[in-house]
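Below is one structure, written out as structure tokens, with a few remarks after it.
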Amino acid sequence: MSESITFQVQPGGSLRGEIRVPGDKSMSHRSIMLGSLANGVTHVTGFLNAEDAMSTLQAFRDMGVKIEGPVNGEVTIYGVGKHGLKQPAKPLYLGNSGTSMRLLSGLLAGQAFDTVLTGDKSLESRPMRRVTQPLAQMGAVIETQADGTAPLTIRGQNGKLNAIHYDMPIASAQVKSCLLLAGMYAEGETSVTEPAPTRDHTERMLSGFGYPVNREGSTARINNQGDLTATQIDVPSDISSAAFFLVGASIAPDSDVTLKHVGINPTRTGVIDILRLMGANIEVLNPRSVGGEPVADLRVRSSQLKGINIPEELVPLAIDEFPVLFVAAACAEGKTVLTGAKELRVKESDRIQVMADGLQVLGVDAQATEDGMIINGSPIGSGRVDSHGDHRIAMSFSIAGLRASGAITIDDCANVNTSFAEFKDLATSLGLKLSVI
Ligand code: S3P
């Protein structure tokens with residue numbers, strides 16, 4: 001990221017209208033990875049043209065895969081087969097993208113060549129042992145920095161990994177996906193058990209490419225006997241991007257927003273469940289299935305939210321939506337308590353601390369706890385907050401402007417481009433008074 005961007009949102013307004021937010025980030029990453037390893041030509045529509053997904057796309061170009069696009073969300077991937085990747089000439093730079101780094105470390109551990117994975121300051125401070133440790137049990141050789149962070153140097157084992165069973169200590173789709181991708185290059189059956197359901201796009205998309213993955217309860221199994229056959233992928237809109245408007249239209253008076261073609265995979269819809277428990281008015285319209293993933297239009301109208309104790313089982317299903325859910329809690333009547341969400345401390349920023357700090361600047365009664373947050377609904381004031389380069393924090397404080405008493409200035413917003421470059425344009429088209437200053 002080069003230039004620094006500051007957002008400013010003027011207080012008040014309503015959100016009204018119909019939009020389609022950009023494609024799902026998790027699925028966009030996986031479409032490039034699996035399309036590259038497939039035999040044949042894969043066509044992707046709805047691909048997310050934002051920095052994180054582009055980091056994955058560039059990494060595969062650097063490993064010799066011909067990829068056209070994205071043009072209007074269309075990408076064409078000329079798959080090289082499971083063993084067709086080539087050693088990149090230089091380290092693979094993955095920007096801000098944790099998903100790229102964690103999934104690629106599994107996929108690359110079994111290749112016939114070595115690779116180095118690097119990223120920006122935030123990515124190079126995030127924990128990588130959660131993947132390098134189980135991968136080491138599979139015989140992978142990965143050098144990390146002394147504290148377990150990237151750059152990672154991966155010594156490819158040329159398909160000579162051994163399968164393991166891994167009981168994941170944390171509910172992480174990135175860890176699960178990393179090990180399943182490594183399992184495609186391991187002798188025997190690799191199985192991963194998750195302590196709570198996490199997003200299952202890897203399993204679904206592997207099946208879509210014809211690669212056998214067995215799912216039984218909380219365990220997914222894979223072996224090295226399969227092959228990927230090129231396919232068509234229609235990436236739905238990202239519910240994590242839609243979430244800003246689910247909250248915005250709930251908290252702003254006189255709002256009525258329809259979000260078209262949103263992915264509503266049940267491992268991603270915690271934000272809808274939590275908002276409904278808080279009293280939100282969200283309708284799921286026209287549910288349908290697109291390429292093995294459930295999709296619907298979401299209509300959301302203003303409502304008086306109330307504070308709740310957020311059920312812990314919903315945490316992994318809404319893991320990326322808590323920054324904006326904290327804004328919803330600030331606008332709710334009464335107390336909202338989040339527990340069991342320690343993972344938020346190791347996202348693109350420490351999302352518990354950074355949100356608590358910003359909300360306090362705005363006069364909200366928000367207390368960070370070790371594994372969550374306690375928020376007493378209170379009026380939102382005005383002031384200057386720091387997003388710490390975290391895209392979702394920047395967008396969340398923008399949404400807070402809808403109920404603020406004065407302008408909110410948000411520093412360090414350039415990374416909104418990692419997931420949702422169109423945020424400002426779409427949000428202002430609905431009525432948010434957001435500008436770049
Ligand atoms: C993702 C999994 C989640 C999520 C991230 C994307 C994925 O991370 O926060 O934005 O695409 O697999 P964890 O696996 O670390 O929870």
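The values are calculated or read from the model by the stated rules, or taken from the named source; none is laboratory data. Remember, predicted model here, so these are calculated numbers, not experimental data. Virtual Cβ from ideal backbone geometry, glycine too; neighbours counted across all protein chains shown. Surface areas here come from the heavy atoms of the whole protein model, side chains and all, with no ligands, DNA or RNA. Shrake-Rupley method; radii C 1.70, N 1.55, O 1.52, S 1.80 Å.
Table for the structure above
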| read-out | value |
| --- | --- |
| Matching residues, segment 147-189, being open to solvent by 10 Å² or more (accessible area, probe 1.4 Å) and aromatic (F, W, Y) | Y166 |
| Scan of segment 125-143 for residues that are over 14 Å from L179 (Cβ atoms) and open to solvent by 50 Å² or more (accessible area, probe 1.4 Å), ordered by number | S125, V141, E143 |
| Pairs with Cβ under 6 Å, 6+ apart, first in segment 199-220 and assigned by TED's automatic domain parsing to the domain that holds G183 and within 16 Å of the ligand (Cβ to nearest atom), second among the charged types (D, E, K, R) and assigned to a loop (DSSP other than H, G, I, E, B) | R199/R268; S218/E194 |
| Complete set of residues in segment 202-228 that are more than 15 Å from L179 (Cβ to Cβ) and either open to solvent by 30 Å² or more (accessible area, probe 1.4 Å) or in contact with a strand residue (DSSP E or B) (Cβ under 8 Å, 6 or more places away or on another chain) (or both) | R204, M205, S207, G208, F209, G210, P212, E216, G217, Q225, D227, L228 |
| Residue count, segment 76-105 (criterion: over 18 Å from the mean Cα position of the chain (by Cα) and farther than 22 Å from V416 by Cα) | 16 |
| Members of segment 294-313 that are assigned to a strand (DSSP E or B), open to solvent by 10 Å² or more (accessible area, probe 1.4 Å) and either without any contact (Cβ under 8 Å) to a residue 24 or more places away in the chain or out of contact with any Asp or Glu (no Cβ under 6 Å at 6 or more places or on another chain) (or both) | P294, D297, N309 |
| Residues satisfying the stated conditions in segment 268-280, i.e. in contact with a strand residue (DSSP E or B) (Cβ under 8 Å, 6 or more places away or on another chain) and crowded, with 17+ Cβ neighbours inside 10 Å | I272, L275, M278, A280 |
| Identity of the residue in segment 26-66, open to solvent by 10 Å² or more (accessible area, probe 1.4 Å) and more than 19 Å from the chain's Cα centre (by Cα), that ends up nearest to I264 (Cα to Cα) | H43 |
| Residue tally, condition open to solvent by 10 Å² or more (accessible area, probe 1.4 Å) and among the hydroxyl-bearing types (S, T, Y), over segment 192-201 | 1 |
| In segment 333-359, the residues that are buried (at least 24 other Cβ atoms within 10 Å of the Cβ), over 14 Å from S398 (Cα atoms) and more than 16 Å from the ligand (Cβ to nearest atom) | T336 |
| Residue check, E18 touching a Leu at 6+ places or on another chain (Cβ under 9 Å), surrounded by fewer than 24 Cβ atoms within 10 Å (Cβ to Cβ) and either over 22 Å from A242 (Cβ atoms) or acidic (D, E) (or both) | yes |
| Residue match in segment 181-197 (condition: modelled with pLDDT of 95 or more, within 13 Å of the ligand (Cβ to nearest atom) and closer than 30 Å to L430 by Cα) | no |
| Filtered residue count, segment 125-177, keeping only those that are farther than 30 Å from D390 by Cα and away from the ligand (no atom under 16 Å from the Cβ) | 17 |
| Candidate set from segment 92-124 (those that are touching a Gly at 6+ places or on another chain (Cβ under 6 Å) and of a type in the set (D, E)); member that is surrounded by the fewest Cβ atoms within 10 Å (Cβ to Cβ) | D114 |
| Residue in segment 368-375 that is surrounded by fewer than 18 Cβ atoms within 10 Å (Cβ to Cβ), of a type in the set (G, A, S) and touching a residue at least 24 places away in the same chain (Cβ under 8 Å) present | no |
| Those residues of segment 246-262 which are in a strand (DSSP E or B) and open to solvent by 10 Å² or more (accessible area, probe 1.4 Å), in sequence order | D256, T258, K260, H261 |
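Results for (1) in contact (Cβ under 8 Å) with a residue 24 or more places away in the chain; (2) over 17 Å from G13 (Cβ atoms); (3) open to solvent by less than 10 Å² (accessible area, probe 1.4 Å), shown as yes or no for each residue.
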| residue | (1), (2), (3) |
| --- | --- |
| V385 | yes, yes, yes |
| R403 | yes, no, no |
| I408 | yes, no, yes |
| S429 | yes, no, no |
| L432 | yes, no, yes |
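Residue-by-condition table, conditions (1) assigned to a loop (DSSP other than H, G, I, E, B); (2) of a type in the set (G, A, S):
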{"residue": "V385", "(1), (2)": "no, no"}
{"residue": "R392", "(1), (2)": "no, no"}
{"residue": "V416", "(1), (2)": "no, no"}
{"residue": "A427", "(1), (2)": "no, yes"}
{"residue": "L432", "(1), (2)": "yes, no"}
